[in-house]
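The values are calculated or read from the model by the stated rules, or taken from the named source; none is laboratory data. Model, not experiment: these values are computed from the prediction. Here the Cβ is made from the backbone with ideal geometry for all residues, glycine too, and neighbour counts use every protein chain on show.
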């Protein structure tokens with residue numbers, strides 16, 4: 001088991017690692033946008049911030065968004081689905097991991113989006 | 001990594017694959033019932049539709065409900081738990097994967113149930 | 001695939017196994033506190049009860065909290081985050097798995113916390 005820490009994503013505010021690698025898979029913690037959301041970030045800025053954090057943590061684990069196999073997206077308000085999907089598609093490009101979008105009540109600090117990932121560590125050759 | 005696509009389940013309405021196989025595991029996206037829910041499907045019809053989609057996607061990956069190891073069930077309204085559990089038990093038969101039932105606010109299109117799965121790909125011999 | 005059953009955790013109230021082992025990973029079902037919550041347990045008692053169940057199920061699978069790689073925590077009310085984090089940290093000690101805290105509406109029986117885990121089975125030597 002290997003613990004992943006990137007200084008390009010917010011330091012954990014609680015008892016967790018940004019990601020853990022085990023058995024060839026990288027489990028990324030639920031990532032939130034940066035800051036305390038005061039003043040509130042736009043939805044678009046929140047999505048980009050979350051995906052920036054995901055990318056940074058994955059990079060530290062030796063992989064990237066193109067290695068993601070499962071993505072679980074917690075959205076505060078299912079009405080954000082279309083905007084979310086478009087921004088997410090732009091960032092993932094041609095790569096389409098399995099995904100579940102899960103509506104939730106308000107997230108921590110009033111954020112609107114949180115993403116939890118499982119990626120496959122590319123084999124070392 | 002292998003991307004799974006079944007024409008027996010709705011084509012992805014967003015940026016995801018129906019399932020992705022990696023490292024011997026099959027990650028199935030959050031499946032919803034078919035259609036736009038107009039007029040609204042009964043809860044029973046929704047559960048059967050979701051499990052039909054799950055089965056179809058798993059079949060395309062070379063496995064079935066009997067290979068599921070983890071099931072995460074998002075229910076809009078925890079009061080549906082008993083009805084859900086009964087229908088789910090009928091479909092899974094003697095196979096009892098690990099499961100979490102997660103209450104959520106309204107799902108996309110007002111659906112009442114979404115299921116996300118991880119299955120183990122049977123070894124090829 | 002191996003099904004895990006511990007008599008130190010509540011018998012499944014629905015169609016699931018307490019945990020399933022596959023491919024070196026142990027998938028633990030969403031664990032709730034014990035009892036029917038009448039009278040309601042304190043939040044602290046609920047967290048300890050859930051983690052007791054998690055520990056018992058993991059032990060039956062030959063591992064423990066120190067082998068957890070991914071933890072998904074469903075909290076009814078994000079205002080419980082600070083209290084949850086402190087109790088969780090006390091129980092996990094120096095081990096910090098990847099974690100997502102997911103706010104949800106009311107859980108079954110009015111419980112306030114549910115935890116779903118993935119652990120890595122220590123290799124047998």
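Worth a mention:
- Looking across the range C:46-59, the residues that are touching a residue at least 60 places away in the same chain (Cβ under 8 Å) and within 19 Å of residue C:98 (Cα to Cα) come down to C:47, C:50, C:51, C:54, C:58.
- Of all the criteria given as (1) at pLDDT below 95; (2) assigned to a strand (DSSP E or B), the one not satisfied by residue B:35 is (2).
- Against the criterion of being under 25 Å from residue B:3 (Cβ atoms) and surrounded by fewer than 18 Cβ atoms within 10 Å (Cβ to Cβ), residue A:66 qualifies.
- Subset of the range B:96-106 that is touching a helix residue (DSSP H, G or I) at 6+ places or on another chain (Cβ under 7 Å) and surrounded by 18 or more Cβ atoms within 10 Å (Cβ to Cβ) - its residue that is farthest from residue B:38 (Cα to Cα): B:101
- Members of the range A:82-125 found to be more than 18 Å from residue A:65 (Cβ to Cβ), within 9 Å of chain B (Cβ to nearest Cβ), modelled with pLDDT of 95 or more and outside any strand (DSSP E or B), listed by number: A:82, A:104
Matching residues to (1) within 11 Å of residue C:70 (Cα to Cα); (2) facing chain C (nearest Cβ under 7 Å); (3) touching a residue at least 60 places away in the same chain (Cβ under 8 Å):
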| position | (1), (2), (3) |
| --- | --- |
| A:1 | no, yes, no |
| A:6 | no, no, no |
| A:14 | no, yes, no |
| A:20 | yes, yes, no |
| A:23 | no, yes, no |
| A:31 | no, no, yes |
| A:37 | no, no, yes |
| A:40 | no, no, yes |
| A:44 | no, no, no |
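- Within the range B:15-32, the set of residues being in a loop (DSSP other than H, G, I, E, B) and within 29 Å of residue B:79 (Cα to Cα) comprises B:18, B:32.
- Just so you know, in the range A:60-81 the residues that are at the interface with chain B (Cβ under 8 Å from one of its Cβ atoms) and not in a helix (DSSP H, G or I) include one that is farthest from residue C:98 (Cα to Cα), and it is A:69.
- Taken together, the criteria place residue B:46 among residues that are farther than 21 Å from residue C:21 by Cα and part of a helix (DSSP H, G or I).
- All positions within the range C:12-30 that are modelled with pLDDT of 95 or more and farther than 22 Å from residue A:23 by Cβ: C:12, C:14, C:15, C:16
- The one condition from (1) in contact (Cβ under 8 Å) with a residue 24 or more places away in the chain; (2) closer than 20 Å to residue B:10 by Cα that residue B:97 does not meet is (2).
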